[in-house]
1. Would you check if L181 is farther than 28 Å from L114 by Cβ, in a loop (DSSP other than H, G, I, E, B), touching a residue at least 40 places away in the same chain (Cβ under 8 Å) and hydrophobic (A, V, I, L, M, F, W, C)?
2. Which condition from (1) of a type outside the set (D, E); (2) over 20 Å from N148 (Cβ atoms); (3) at pLDDT 90 or above is the one that A382 breaks?
3. Return yes when L333 is part of a helix (DSSP H, G or I), closer than 27 Å to W203 by Cβ and more than 20 Å from the chain's Cα centre (by Cα) and no when it is not.
4. Please give the number of the condition A43 fails out of (1) within 23 Å of P208 (Cα to Cα); (2) surrounded by fewer than 24 Cβ atoms within 10 Å (Cβ to Cβ); (3) aliphatic (A, V, I, L, M); (4) at pLDDT below 95.
5. Please go through segment 130-155 and give me each residue that is assigned to a helix (DSSP H, G or I) and surrounded by fewer than 24 Cβ atoms within 10 Å (Cβ to Cβ), ordered by number.
6. Under the condition of being surrounded by fewer than 18 Cβ atoms within 10 Å (Cβ to Cβ) and in a loop (DSSP other than H, G, I, E, B), which residue from segment 516-538 is nearest to the chain's Cα centre (by Cα)?
7. For segment 352-461, please list each of the helices (runs of 4 or more DSSP H) lying entirely inside it that holds at least 2 residues being over 25 Å from the mean Cα position of the chain (by Cα) and either among the basic types (K, R) or buried (at least 21 other Cβ atoms within 10 Å of the Cβ) (or both).
Amino acid sequence: MTEVFQEEASAGKSRVPDWVWAVGVSLLVSLAVVLPFFWLGSASGHDFEFHVASWLDVSYQWKEGIFYPRWTAWMNHGFGEPRYIFYPPLSWVLGAVLTRLTPLPWVPMFFVLLTQTLAGVSAFFLLRRIMGKRGALWGAACYAANPNALLMSYVRSDFAEQLACAIFPLLLLGALKLLNLLEDKSPDASSLLSFALPFAAVWLCNAPAGVIASYAIALLIGWVAVAQRSWRIGVRGAAGIVLGFGLSGFYLLPAAYEQRWVNISQALSSGLLPLQNFLFTNVDDVEHTWFNWIASFCAVSLMLLLGVFALLSRRLASSQKAESGVAAWKALLLVGTGASLLMLRSSNPLWTHLPKLRFVQFPWRWMSIVALVYVCFLAAVAQKRRGWIAPVLILVLSVPLANFLIENTWWDPDDMGIQKEAIDSGTGYDGTDEYDPMGDDHLDLPANAPLVKVLTEALGGETVKAVEVKVLRWNTEDKEIEVRAGEKTSVAVRLVNYPAWQVMVNGKRIKPGRMDDVNQMVIPVETGSSVIQIRFARTLDRTVGGLVSLLSLGICGVVFIRKGKSGRRKAAVAKMIV
């Protein structure tokens with residue numbers, strides 16, 4: 001892609017930097033996307049309560065001084081779950097920040113506004129490297145309001161995946177740099193950073209999006225390596241992927257290792273299986289089928305747009321001056337076509353056998369890749385004379401689609417307040433099936449359990465008397481309880497067992513028991529005074545993951561410093577020559 005369209009020379013150099021134009025255009029389009037929020041309230045889509053509960057829970061823990069939470073305070077109605085070990089952090093960190101900076105009812109709107117503005121700006125940086133400013137700006141506008149983004153904004157409320165999609169253009173840009181498809185000169189070590197950083201960021205936003213990104217990039221690397229018959233490209237691409245995984249190791253390693261401690265298989269329960277969510281699939285659940293058809297319509301529209309603009313753009317024409325440019329556009333079309341095929345039922349064998357692909361759950365999630373590739377070809381059309389007609393037409397046609405999606409979701413101006421009240425009142429939230437610790441069914445946990453409950457029947461069935469319980473400290477990850485008992489007994493605390501919990505009774509570590517019907521933590525105490533300390537300890541996998549991320553970050557730092565020194569050296573040589 002060495003051919004970069006230049007703007008009219010007579011126009012001179014713009015006084016306003018290109019990125020400022022990109023921010024302005026993306027912000028305007030994003031404001032149009034969130035306009036319904038102003039008079040309808042929050043779009044309470046499928047995943048709304050899950051994400052909002054996480055934001056509020058994290059904000060609550062920040063007040064306790066827990067900067068990076070691992071255990072939830074209010075899921076399972078106060079019994080908790082290890083959600084933040086398994087769910088990537090960037091979205092819930094951003095959501096929690098917004099709850100502290102903006103009025104609570106506005107938080108979802110600001111999240112969508114920021115995310116879609118970032119999406120447009122990211123798309124602009126990608127498109128500006130392969131064409132002129134005009135096409136890049138039109139492409140950025142269309143990416144900020146593409147059908148998949150509208151579906152997530154109004155109906156799905158999957159804020160984490162939406163944030164990941166906003167980073168996809170930067171990831172694709174980094175991949176094109178790494179594979180030497182943008183410039184004639186060979187990529188240097190700094191191109192690894194351009195790829196690894198957004199790759200890690202996608203994984204730290206949303207795990208299904210991370211899986212999609214990994215397979216899409218693997219396909220791109222494999223095709224370029226085979227087409228150019230270069231094993232070096234494959235090695236370079238693999239190195240970038242490894243570095244990206246290393247940067248996100250503090251999250252990925254614990255999430256992968258500790259899956260054995262939770263009911264992770266529930267992520268693929270009925271309704272969440274890929275086989276039940278291919279395009280236009282009918283199931284017994286009417287509401288599920290109706291939404292699947294809505295998502296399928298959005299996906300098919302993007303597939304058609306990709307095909308149409310790929311033909312109109314003529315970016316694959318043999319008249320291209322640079323062979324690398326032709327290869328790059330072919331690579332983009334290949335990735336877009338592969339993503340389209342994976343949404344069809346005929347691809348089910350791949351979903352069955354490719355590692356972890358089934359955890360994407362919904363094949364139509366691949367429209368996120370199709371949306372990005374389509375925008376690349378659209379921008380190429382918009383760069384032509386009178387090409388602006390195409391993106392204007394697309395944006396106009398987005399209005400009836402947005403209106404349809406707005407009418408097919410639930411709007412509630414008080415929903416954020418209701419979610420906040422769940423914490424203020426102490427009732428908390430329902431738990432998540434796949435994050436429930438092994439041996440437990442969170443649906444059986446009592447909704448209004450006390451912090452500590454004395455099990456009043458001692459051995460032999462006699463009632464225990466003269467038991468005094470005093471809660472000395474009850475933070476999310478650190479609890480201390482004093483029990484004075486006239487005889488041996490046990491206490492049940494409002495907490496589910498999990499291997500990371502470290503329990504000490506009078507300074508001696510013990511293994512807690514459980515209730516017969518649920519996995520509620522039960523702690524035996526001796527006659528007299530007993531001090532119980534419960535702490536969420538750092539497990540070995542978390543330590544190893546953190547070290548891997550630090551090592552990877554150190555590698556990035558070395559590359560960055562060397563790049564800076566090289567740049568200064570070249571500048572000095574150039575100055576001497578002048």
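The values are calculated or read from the model by the stated rules, or taken from the named source; none is laboratory data. As the structure is a prediction and not an experimental result, all values here were calculated from the model. In this analysis, Cβ positions are derived from the backbone assuming ideal geometry, glycine residues included, and neighbour counts consider all displayed protein chains.
1. On the way: farther than 28 Å from L114 by Cβ: yes; in a loop (DSSP other than H, G, I, E, B): yes; touching a residue at least 40 places away in the same chain (Cβ under 8 Å): yes; hydrophobic (A, V, I, L, M, F, W, C): yes.
For L181, the condition - farther than 28 Å from L114 by Cβ, in a loop (DSSP other than H, G, I, E, B), touching a residue at least 40 places away in the same chain (Cβ under 8 Å) and hydrophobic (A, V, I, L, M, F, W, C) - is met.
2. Among (1) of a type outside the set (D, E); (2) over 20 Å from N148 (Cβ atoms); (3) at pLDDT 90 or above, A382 violates only (2).
3. Numbers: part of a helix (DSSP H, G or I): yes; closer than 27 Å to W203 by Cβ: yes; more than 20 Å from the chain's Cα centre (by Cα): yes.
Yes, satisfied.
4. Condition (2) is where A43 drops out.
5. First, pick out the residues of segment 130-155 that are assigned to a helix (DSSP H, G or I): 133-144, 147-155.
The answer is K133, R134, L150, V155.
6. R538
7. Details: elements: 367-382, 389-407, 415-424.
Correct list: 367-382, 389-407.
Quick grid of which residues meet (1) more than 19 Å from A537 (Cβ to Cβ); (2) touching a residue at least 12 places away in the same chain (Cβ under 8 Å):
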| site | (1), (2) |
| --- | --- |
| V491 | yes, yes |
| N506 | no, yes |
| R509 | no, no |
| G513 | no, yes |
| P524 | yes, yes |
